[in-house]
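The values are calculated or read from the model by the stated rules, or taken from the named source; none is laboratory data. Every value quoted in this text rests on a predicted model; they were computed, and no experiment measured them. Neighbour counts are summed over all protein chains in view; Cβ atoms, including those assigned to glycine, are modelled from backbone coordinates with ideal geometry. For the accessible areas, the whole protein counts, side chains as well, though only heavy atoms, and no ligand, DNA or RNA atoms are used. Shrake-Rupley method; radii C 1.70, N 1.55, O 1.52, S 1.80 Å.
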Amino acid sequence: MNLPNKITIARICLIPIFMIFMLVPFSMGSLEISGTLLPITHAAGFVLFIIAASTDWLDGYYARKYNLVSNFGKFLDPLADKLLVTAALLTLIELQILPAWMAIIIISREFAVTGIRLVAASDGEVIAASNLGKWKTVFQMTALAVLLLDGLVFAILNIPLGMILMWIAVVLTIISGVDYFLKNKHIFKHSM
C-alpha cells in the first residue's frame, strides 16, 4: 500500500462525505454572494469535490516521480475517478441542476471504456488514456465544479458557464469514446 494508492483510497472515501454535504438537508445557513445565496453545506461539498478531484493529479504525480506505479493503482485510480464523476453527476441531477441525459451519456461512455480495458487487461494489454480522454476529464471536472456552486459566480454575471462547459464535456465524451473504440477495435476481434 504505497502513498499514491493511499491518496486514491482517500479520494474514494471523500465521495460519500461529499454527497452527504450536497444532498442531506442540514440547516447550517447560507453564504450571500452579491445577493445570491449558497448553502454552507453546498460550499463544503464543493470544497470536498475540489480536494477529491485534485488528488487524482496528486496520486499520479507521486506514482510517476517515485516510480510507485502498481497494478493495483492502475486499476483503482480510474475507478476512483469514475466514482467521483458519477457521484457528482447524480448529485447534480438530484439537485435539478443537470439534465439526466447528459449524465447518461457520460456514465455510459465510462462503462463502455472500462469494459474494453477489462477485455484488454485479460489479454495482458494495458490501454493508456488518450489526450482526448484527458481533455474530456478536464472539462468534466471543471464543469462539475462550476455546476456544484450552481454557477454562482457566473450567474451573477449572467453567464451559464457550468452548462457551457458541460456541453463541451459531453461532446468530448462522445468524440473521445468513438476515438477510443476505433483505436482499440482490434481488441474486439481478438476476444471473439
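Do you know which residues across the stretch 74-84 are open to solvent by less than 20 Å² (accessible area, probe 1.4 Å) and modelled with pLDDT under 95? Can you show your working first?
Filtering the stretch 74-84 for residues open to solvent by less than 20 Å² (accessible area, probe 1.4 Å) gives 76, 80, 84.
Once the filter is applied, which keeps residues that are open to solvent by less than 20 Å² (accessible area, probe 1.4 Å) and modelled with pLDDT under 95, the stretch 74-84 yields Leu76, Ala80.
Could you please let me know if Tyr62 is exposed (fewer than 14 other Cβ atoms within 10 Å of the Cβ) and more than 15 Å from Pro16 (Cβ to Cβ)? So that I can check it myself, show each step before the final result.
Details: exposed (fewer than 14 other Cβ atoms within 10 Å of the Cβ): no; more than 15 Å from Pro16 (Cβ to Cβ): yes.
Taking the combined requirement at face value, the residue does not satisfy it.
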TODO: Considering each residue of the stretch 168-187, count those that are hydrophobic (A, V, I, L, M, F, W, C) and either in contact with a Cys (Cβ under 8 Å, 6 or more places away or on another chain) or without any contact (Cβ under 8 Å) to a residue 12 or more places away in the chain (or both), and give that number.
DONE: 3
Open item on the list: Of the conditions (1) open to solvent by 60 Å² or more (accessible area, probe 1.4 Å); (2) touching a Leu at 6+ places or on another chain (Cβ under 6 Å), Ala52 satisfies every one except a single condition; which number is it?
Closed with: (1)
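I need the helices (runs of 4 or more DSSP H) fully contained in the stretch 1-108, keeping only those with at least 1 residues that are of a type in the set (Gly, Ala, Ser) and touching a strand residue (DSSP E or B) at 6+ places or on another chain (Cβ under 7 Å). Before you say what the answer is, go through the steps one by one.
Details: elements: 3-23, 40-65, 71-94.
Because the criterion is at least 1 residues that are of a type in the set (Gly, Ala, Ser) and touching a strand residue (DSSP E or B) at 6+ places or on another chain (Cβ under 7 Å), the helices (runs of 4 or more DSSP H) in the stretch 1-108 that meet it are 40-65.
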Open item on the list: Being closer than 26 Å to Phe21 by Cβ and basic (Lys, Arg) is true for just one of Lys189, Lys185, Lys82. Which residue is that?
Closed with: Lys82
- [ ] Scan Ser30, Ser54 and give me the residue that is farther than 25 Å from Leu68 by Cα and of a type in the set (S, T, N, Q).
- [x] Ser30
Open item on the list: For the list (1) open to solvent by less than 40 Å² (accessible area, probe 1.4 Å); (2) farther than 17 Å from Phe139 by Cβ; (3) in contact with a helix residue (DSSP H, G or I) (Cβ under 6 Å, 6 or more places away or on another chain), I need the number of the one condition that Ala88 fails.
Closed with: (2)
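Please find, among Ala129, Ala145, the residue that is under 16 Å from the mean Cα position of the chain (by Cα), among the small types (Gly, Ala, Ser) and in a loop (DSSP other than H, G, I, E, B). Steps first, please.
Working: Ala145 fails: in a loop (DSSP other than H, G, I, E, B).
Unique residue meeting the criteria: Ala129.
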Open item on the list: Taking the conditions exactly as written (open to solvent by less than 30 Å² (accessible area, probe 1.4 Å) and not aromatic (Phe, Trp, Tyr)), does Leu95 satisfy them or not?
Closed with: no
TODO: Within the stretch 2-34, work out how many residues are on the phi > 0 side of the Ramachandran plot and open to solvent by 60 Å² or more (accessible area, probe 1.4 Å).
DONE: 1
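Kindly indicate whether any position in the stretch 114-121 is without any contact (Cβ under 8 Å) to a residue 40 or more places away in the chain, within 13 Å of the chain's Cα centre (by Cα) and farther than 16 Å from Leu89 by Cα.
Here is the first cut: in the stretch 114-121, the ones without any contact (Cβ under 8 Å) to a residue 40 or more places away in the chain are 114-115, 117-118, 121.
The next check asks that each one be within 13 Å of the chain's Cα centre (by Cα); those that pass are none.
Checked the stretch 114-121: no residue is without any contact (Cβ under 8 Å) to a residue 40 or more places away in the chain, within 13 Å of the chain's Cα centre (by Cα) and farther than 16 Å from Leu89 by Cα.
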Task: Per-region count, the stretch 109-126, residues assigned to a helix (DSSP H, G or I) and acidic (Asp, Glu) - done: 1
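Just name the residue that is modelled with the lowest pLDDT out of those in the stretch 98-141 that are polar (S, T, N, Q) and open to solvent by 50 Å² or more (accessible area, probe 1.4 Å). Walk me through it before giving the result.
As a first pass, look at the stretch 98-141 and keep what is polar (S, T, N, Q): 108, 114, 122, 130-131, 137, 140.
Still in the running and open to solvent by 50 Å² or more (accessible area, probe 1.4 Å): 108, 122, 131.
Working: Ser108: 96, Ser122: 76, Asn131: 88.
Only one residue tops the list, namely Ser122.
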